[in-house]
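Asks: I have a structure I would like to understand better, so I am pasting it below and will then ask my questions one at a time.
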Amino acid sequence: MQQRFLPFFNQLLSQPLTTPLSGFWLIHSDEPLTAQWLIDACRPIWQANQQTIKRIELSSHQSWQTVISELDSLSLFGDTSAIIVTGNHKPKSDKGSKTDLLATLERLAKDTPHHLIWCLPKQDKKSLATKAIKLFDAHGIIIDGNLYDESMRQALLQTCAARLGVRLTADAWQMLMAHTENNLLTAHQNLWRLSLLHSDIVDDEQFKACLIDGAEFSVFDLSDNILAGNAPKALQILAHLKNTEVAPSIVLWALSKDARLIAQLHAGKDAQDLGIWRNKTALYINAARHTPPHIAQSWSLDLLDIDQAIKGIEDGDVWHLLQRLILSMCHATPFHH
């Protein structure tokens with residue numbers, strides 16, 4: 001059985017502590033926080049039902065034998081365990097062997113008093129079709145913990161805000177989402193900070209005063225000015241980011257995102273389908289309209305050069321390369337490959 005994270009998470013939060021958790025759960029996500037929040041929601045239920053919490057890190061597919069040993073054993077008092085499994089090594093089938101991991105797991109999955117949560121990074125369709133994951137689909141629960149657009153991220157953060165007792169105005173929500181774009185952890189940290197400072201509804205001015213990073217500029221300011229074609233301001237912000245020791249990989253991430261979205265708009269994709277915020281739709285559409293397709297295509301090579309320079313694979317001044325790409329994205333120079 002497959003479930004989306006947020007409705008499953010809300011259902012778990014409302015479950016009585018006296019109802020024990022059991023069976024096989026698998027959560028896959030490119031957001032580590034969703035797996036952690038799932039575990040945090042389970043923890044009070046485990047504790048209320050005296051379930052022993054154990055963690056097992058998979059170092060190879062054979063590590064599943066350790067998981068099986070835990071699942072297959074009961075203490076003298078009949079206590080049950082909550083087992084958190086991490087690692088991308090999948091159990092393999094070895095038909096005819098006494099140690100057929102998949103067959104043994106399937107037997108246990110059908111009727112186990114224990115609770116197992118396997119935490120995986122985001123899985124593509126091919127990975128989800130493997131025998132190991134199909135076992136969880138057939139006999140347990142697969143939880144999709146990925147956030148595919150800004151509306152999903154905001155819905156999850158609204159659940160977190162409610163748990164923290166934080167209420168934001170519509171303008172404050174818009175500012176939070178824009179300021180913490182694609183960063184769930186920073187958004188949650190801001191909500192937590194607001195919960196300590198305010199007991200009433202938080203407006204946008206109060207939110208501004210509580211921004212965690214306190215920086216004069218962020219990569220989101222850089223993005224806005226690049227999309228607007230404001231080269232002098234974009235270079236000023238880049239210099240500020242360099243002087244405040246912001247990692248160049250973070251700047252690269254922001255430029256990569258904008259380059260990708262512009263390329264997708266060129267390909268005819270709808271801005272809303274791409275998850276672009278309404279207040280930034282015009283910026284992206286105008287940037288795409290003023291960028292010749294061959295220039296946008298050349299950015300992928302520039303991004304690769306910067307990535308290799310950051311990793312030390314190629315020689316080059318990373319910040320100079322970033323500056324040249326920003327000028328190209330602002331149409332300030334005819335620079336291209």
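Asks: Return only the number of the condition from (1) surrounded by 15 or more Cβ atoms within 10 Å (Cβ to Cβ); (2) touching a residue at least 24 places away in the same chain (Cβ under 8 Å) that ALA271 does not satisfy.
Replies: Evaluating ALA271 over (1) surrounded by 15 or more Cβ atoms within 10 Å (Cβ to Cβ); (2) touching a residue at least 24 places away in the same chain (Cβ under 8 Å) leaves (2) as the failure.
Asks: Mind checking whether some residue in the range 98-106 is in the same structural domain as ASP204 (by TED's automatic domain parsing), touching a Leu at 6+ places or on another chain (Cβ under 6 Å), at negative phi and not β-branched (Val, Ile, Thr)?
Replies: If we filter the range 98-106 for residues that are in the same structural domain as ASP204 (by TED's automatic domain parsing), which is where we start, we get none.
No; the residues of the range 98-106 include none that is in the same structural domain as ASP204 (by TED's automatic domain parsing), touching a Leu at 6+ places or on another chain (Cβ under 6 Å), at negative phi and not β-branched (Val, Ile, Thr).
Asks: Take the range 277-295 and flag every residue that is without any contact (Cβ under 8 Å) to a residue 40 or more places away in the chain, closer than 27 Å to MET177 by Cα and either in contact with a strand residue (DSSP E or B) (Cβ under 7 Å, 6 or more places away or on another chain) or not charged (D, E, K, R) (or both).
Replies: THR281, ALA282, ILE285, ALA288
Asks: Look at ASP149 and say whether it is under 13 Å from the mean Cα position of the chain (by Cα), under 24 Å from GLN36 (Cβ atoms) and in contact (Cβ under 8 Å) with a residue 40 or more places away in the chain.
Replies: Numbers: under 13 Å from the mean Cα position of the chain (by Cα): yes; under 24 Å from GLN36 (Cβ atoms): yes; in contact (Cβ under 8 Å) with a residue 40 or more places away in the chain: yes.
So ASP149 passes the test.
Asks: Next question, about the same structure. From the list LYS280, LYS257, which one is surrounded by fewer than 17 Cβ atoms within 10 Å (Cβ to Cβ) and assigned to a helix (DSSP H, G or I)?
Replies: Every option except LYS257 fails the conditions.
Asks: Going by what's in this entry, would LEU71 be described as closer than 20 Å to GLN2 by Cα, of a type in the set (A, V, I, L, M, F, W, C) and not assigned by TED's automatic domain parsing to the domain that holds ALA271?
Replies: When the stated conditions are applied, LEU71 does not pass them.
Asks: Can you name the strands (runs of 3 or more DSSP E) wholly within the range 1-119 that have at least 3 residues being touching a His at 6+ places or on another chain (Cβ under 8 Å)?
Replies: Values: elements: 2-4, 23-28, 52-57, 81-86.
Of the strands (runs of 3 or more DSSP E) lying wholly inside the range 1-119, those with at least 3 residues that are touching a His at 6+ places or on another chain (Cβ under 8 Å) span 23-28, 81-86.
The values are calculated or read from the model by the stated rules, or taken from the named source; none is laboratory data. It should be emphasised that the depicted structure is a prediction, and the values quoted were computed from it without experimental measurement. Note that each Cβ is placed from the backbone with ideal geometry, even for glycine, and that neighbours are counted across all protein chains shown.
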